[in-house]
1. Consider V205 carefully, then state whether it is closer than 21 Å to A244 by Cα, in contact (Cβ under 8 Å) with a residue 40 or more places away in the chain, within 20 Å of the chain's Cα centre (by Cα) and surrounded by fewer than 22 Cβ atoms within 10 Å (Cβ to Cβ).
2. I need the full set of residues from the range 21-41 which are assigned to a loop (DSSP other than H, G, I, E, B) and either more than 18 Å from V354 (Cβ to Cβ) or more than 11 Å from the ligand (Cβ to nearest atom) (or both), in order please.
3. A211 versus (1) in a helix (DSSP H, G or I); (2) surrounded by fewer than 24 Cβ atoms within 10 Å (Cβ to Cβ); (3) aliphatic (A, V, I, L, M): which is the lone unmet condition?
4. In the range 120-157, what residues are over 22 Å from A211 (Cβ atoms), in contact (Cβ under 8 Å) with a residue 40 or more places away in the chain and either of a type in the set (S, T, Y) or out of contact with any His (no Cβ under 9 Å at 6 or more places or on another chain) (or both)?
5. Confirm whether F356 is within 16 Å of the ligand (Cβ to nearest atom), closer than 30 Å to R54 by Cβ and either at pLDDT 95 or above or assigned to a helix (DSSP H, G or I) (or both).
6. Restricting the search to the range 267-284, which residues are surrounded by fewer than 17 Cβ atoms within 10 Å (Cβ to Cβ) and away from the ligand (no atom under 16 Å from the Cβ)?
7. Taking F178, is it in contact with a strand residue (DSSP E or B) (Cβ under 7 Å, 6 or more places away or on another chain) and closer than 23 Å to L318 by Cβ?
8. Kindly indicate the residue of the range 231-246 that is more than 9 Å from the ligand (Cβ to nearest atom) and outside any helix (DSSP H, G or I) and also surrounded by the fewest Cβ atoms within 10 Å (Cβ to Cβ) among those meeting that condition.
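The values are calculated or read from the model by the stated rules, or taken from the named source; none is laboratory data. What you see is a predicted model, and the numbers here were worked out from it, not measured in a lab. Don't worry about glycine lacking a Cβ; one is built from the backbone with ideal geometry, like all the others, and counts go over all protein chains shown.
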Amino acid sequence: MADANAFDFDSPVERAGTWSMRWERYAGRDVIPLWVADSDFRAPPAVLEALAARVEHGVFGYTVAPDELRQAIVERVQRLYRWPIEPAWIVFLPGVVPGLHLAARRLVPPDGHLLVPTPVYQHLKRAAELAPRAHSDIPLVLREGRWVFDEETLKRSLRPESRLFFLCNPHNPGGTVFRRAELERLAGLTRDLIIVSDEIHCDLVLESGLAHLPIASLAREVSRRTVTLMSASKTFNFPAAGCAWAIIEDEALRREFSADVHAHVLHSPSVFGYVATLAAFRHGDAWLAAQLEYLRGNRDQVERRLGLPMAHVEATYLAWIDCSGLGVENAYDCFLRHGVALSPGAQFGDARFVRFNFATQRARLDAALARMRAAVERRAPR
Ligand SMILES: Cc1ncc(COP(=O)(O)O)c(C=O)c1O
């Protein structure tokens, strides 16, 4: 078992005044902000050292994608997911979200149609809306305590002009780690479509005994029509460094997807993103194991203490909480009045829910849970 004490996840880090999106919005108020999906943890020591060394060099000119990073990604994907890929399949991006937009715009013709899960991280749907391309929402349903696809609706939503299926695995905000059989069925149902799989949360599997499985790793037939989007920024907490990538086996698909990258419509990752990712992949395993242990503890607190229904969070540090029994019009407002800022569920497609980011120091989590518990008890006295 990982030793959560080998690294310090408990000492509070002052984020006010650091231009943090999560903290700035409620600055100066007695509000604990647990919304946007970054963590309150410092990045691994090895990442901080590598960045410091790069700053020490002092020249930050235009940068090419380092071959050693391509190699590190190839090795990691093989080691963790038993997925053999080649360095040339990797297309670097400044973020996963730009990759979602590229996919909707470049891989779906103007009269084409996409399938988008709901609820889901809002930028999957936004990518379809802003392209703009016709799309159908494919609901996830709660089955045996897990958010899984409603496969009948998926089947019914397929149209002759359907081109692309957006998948989010592990799922944000549902916390699902899709199993092999589930992925095989999804791949089968979408056999005529391109799959764009947002796997940014791949290394944040909290449930022991479960493992992330890239859908493209199922079979060559799936890989040749899949764009897999990944980044180390969620796992090791440096999203502002800006580095992500797409893994695309098929050359024609890769060419189409990356036209705007080659045309410089999209900037390359920042040098800090490259440096941080390489250091995390080379030296971050022990830190990651400790972080997972810590997050597991946080998740257990949230599930145990809140007293509201939620699916067991298999992966991610985000709990998707059902507030329909709370008896309030707007659960986000209710918790904000009690001093905790969560993400309103409407942002992801279901206004009855809120999303709770529990990637923070345990003491702050305790304080937030006490405030939320007070809100729940006030609404539903026992
Ligand atoms: C599923 C998912 N995709 C993408 C992102 C953001 O990706 P990036 O910051 O690399 O654009 C997030 C951040 O919360 C996310 O949860």
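1. yes
2. Scanning the range 21-41 gives R25, Y26, A27, G28, R29, D30, V31, L34, S39, D40, F41.
3. Result: A211 passes all but (1).
4. Q122, L124, D137, L142, S157
5. Judged against the criteria, F356 is not a match.
6. R282, H283
7. no
8. Going through the qualifying residues, I end up with N237.
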